[in-house]
Amino acid sequence: MRWPWIFVALAVFAVPAGAQSLEERMKSAAGAYERKDFATAIAMWRPLAEAGNAEAQTLLGAMYWSGEGVPRDHKEAAKWYLRAAEKGYARAQNDIGFMYGFGEGNPPIDNVQAYKWLSLAVRNYTTRNQDRIDQAVKDLAALRARMTPAQLADAERQIRDFRPAP
């Protein structure tokens, strides 16, 4: 009867004392970013992004977009935004949608993809992101004005068929 408790105790004490929860690591990285300690923020966000955390992927993408702590690289930013967007993360959907619709060449302009991602962002944002929703709605109106009916139909089909990746 004592053996199960010994295994539980071993499992609990096997976790390093300095181990932080995901939330604590994200807050620590955000604090480093706010202090403009970009090297620390990247060092903390990159492993989380590589492990599939959509928020970390988006924040790493934002750093590549603006060149904070890394060389400015829109292709790399798009890669991270797209990974998070495919998981249903609204800010990443907004950011990759903006890049497709109004970016600086990487990825190339693609109205259908822009419309799809911005529409999904509007759908997935919470009301605490009202300013982002409002801007995405304006961006969608600008896109709609330059799209053909066939492009709009294609975008609407892709929106309808979208399923977030695990």
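The values are calculated or read from the model by the stated rules, or taken from the named source; none is laboratory data. The shown structure was predicted, so the numbers you read here are calculated from the model rather than taken from an experiment. Here Cβ is always computed from backbone atoms with ideal geometry, including for glycine, and neighbour counts include all displayed protein chains. Ligands, DNA and RNA are stripped out before the accessible areas are found, and what is left, the full protein with its side chains, is counted by its heavy atoms. Shrake-Rupley method; radii C 1.70, N 1.55, O 1.52, S 1.80 Å.
What single numbered condition from (1) without any contact (Cβ under 8 Å) to a residue 12 or more places away in the chain; (2) in contact with a helix residue (DSSP H, G or I) (Cβ under 6 Å, 6 or more places away or on another chain) fails to hold for residue 101?
Failed condition: (1).
In region 135-166, what residues are in a helix (DSSP H, G or I), of a type in the set (A, V, I, L, M, F, W, C) and either free of Cβ contacts under 8 Å to residues at least 40 places away in the same chain or under 12 Å from residue 101 (Cα atoms) (or both)? Spell out how you get there, then give the answer.
Residues of region 135-166 in a helix (DSSP H, G or I): 135-146, 149-161.
Pick out the ones that are also of a type in the set (A, V, I, L, M, F, W, C) and you get 136-137, 140-143, 145, 150, 152-153, 155, 159.
136, 137, 140, 141, 142, 143, 145, 150, 152, 153, listed by residue number.
Quick grid of which residues meet (1) among the charged types (D, E, K, R); (2) modelled with pLDDT under 95; (3) over 15 Å from the mean Cα position of the chain (by Cα):
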site	(1), (2), (3)
10	no, yes, yes
35	yes, no, yes
61	no, no, no
67	no, no, yes
87	yes, no, no
102	no, yes, yes
108	no, yes, yes
111	no, no, yes
118	no, no, no
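Just the residues that are more than 21 Å from residue 133 (Cβ to Cβ) and buried (at least 22 other Cβ atoms within 10 Å of the Cβ), please, taken from region 58-77.
Keep residues of region 58-77 that are more than 21 Å from residue 133 (Cβ to Cβ), which gives 60, 63-64, 66-77.
Hits for region 58-77 are 60, 63, 64, 77.
Can you name every residue in region 118-138 that is within 21 Å of residue 87 (Cβ to Cβ) and either acidic (Asp, Glu) or in contact with a Leu (Cβ under 9 Å, 6 or more places away or on another chain) (or both)?
Scanning region 118-138 gives 118, 119, 122, 136.
Which ones in region 82-141 are in contact with an Asp or Glu (Cβ under 6 Å, 6 or more places away or on another chain) and either open to solvent by 20 Å² or more (accessible area, probe 1.4 Å) or within 17 Å of residue 58 (Cβ to Cβ) (or both)?
100, 118
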